[in-house]
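Read the structure below first, then the notes.
The values are calculated or read from the model by the stated rules, or taken from the named source; none is laboratory data. This one's a predicted model, so the numbers in the text were calculated from it and none came from an experiment. Ideal geometry is used to build each Cβ from the backbone, glycine not excepted, and the neighbour counts take in all protein chains shown.
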Amino acid sequence: MALKNHLIIFTRTPRLGAAKRRLTADIGGVAMQFARANLADLARKLGSDARWSCALAVSPDQDASDGYGWPAGLARIPQGPGNLGDRMARAMARMPPGPVVIIGADIPEITSDHIGRAFAALGRGDAVFGPARDGGYWLVGLRRRPHIPDIFGGVRWSSRHALVDTASNLGPGTRISYLDTLADIDSGDDYRAWNKRRQRK
C-alpha cells in the first residue's frame, strides 16, 4: 500500500501587523490584500488535489483554532515556538507516514504541477528543494524514510545561504532534486516585478 503524500502550507495570519511587515512598509494595505488573496488561491489550487493531503501550519498558534477566516476544508496545525527551522522540523515530524512537502504562502507562481513534480522526485530520491531567487527556498520536501534527517540546524535563515546550508545538512550520498526557481514576495520590488510578469501572461 502506497504511503500518502502530505503538503503543508506555512503561513502567518494575514492580519495587519502580524504578517508581511516589510511588504506592508513598502506598499501599504495592498500587502494584506495580496497575502489574503494568495493564500486563498493556493488553497483553491492545491487543497483539493487527490494526490496529497493539504494542511496549513499557522502562526500565531492560537489562530490555528480560531481568530481568522481560513480557507475551508484544510486542516490547521500550530507552528509552535522557535526559528523557522524549528517550526518546519516540528511540522515534518508530526505528519502521518509518507513524504512531506512544505511551501510558503507568499509565492504566487506555485502550481499544482510544481507540487506533483516535488512528490515525484521524492518517489525517486530523498529530498527536494524549490530554490528562491534570494538564495533561500520556496519548497522543501523529504522522503522521511528510513528516518527523518535533521536538515534545519545551523541554517542562516533570511540570507542568501539558506538553501546551501540546508542542503549541506543532508550529507554525502543523499539524492536531492531541484525544481524551478521562483520568487517569494517580501518587498515592494518583489511585488512590482511579479505584477509585471503576471501582466505579460
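Pairing residues of the stretch 31-44 that are hydrophobic (A, V, I, L, M, F, W, C) with residues that are surrounded by fewer than 15 Cβ atoms within 10 Å (Cβ to Cβ), at Cβ distances under 7 Å and at least 6 apart in sequence or on separate chains, gives 32/16.
Restricting attention to the stretch 137-150 and to residues that are at pLDDT 95 or above and in contact with a Ser or Thr (Cβ under 9 Å, 6 or more places away or on another chain), the residue that is nearest to residue 50 (Cα to Cα) turns out to be 141. Out of all the residues in the stretch 119-134, is one or more at pLDDT below 95, out of contact with any Gly (no Cβ under 8 Å at 6 or more places or on another chain) and surrounded by fewer than 14 Cβ atoms within 10 Å (Cβ to Cβ)? Yes - at least one qualifying residue is present in the stretch 119-134. Consider residue 160 carefully, then state whether it is assigned to a loop (DSSP other than H, G, I, E, B), farther than 21 Å from residue 121 by Cβ and without any contact (Cβ under 8 Å) to a residue 24 or more places away in the chain. The answer is no for residue 160.
Look at (1) of a type in the set (Asp, Glu); (2) within 26 Å of residue 24 (Cβ to Cβ); (3) touching an Asp or Glu at 6+ places or on another chain (Cβ under 9 Å) and you find that residue 86 fails only one, number (3).
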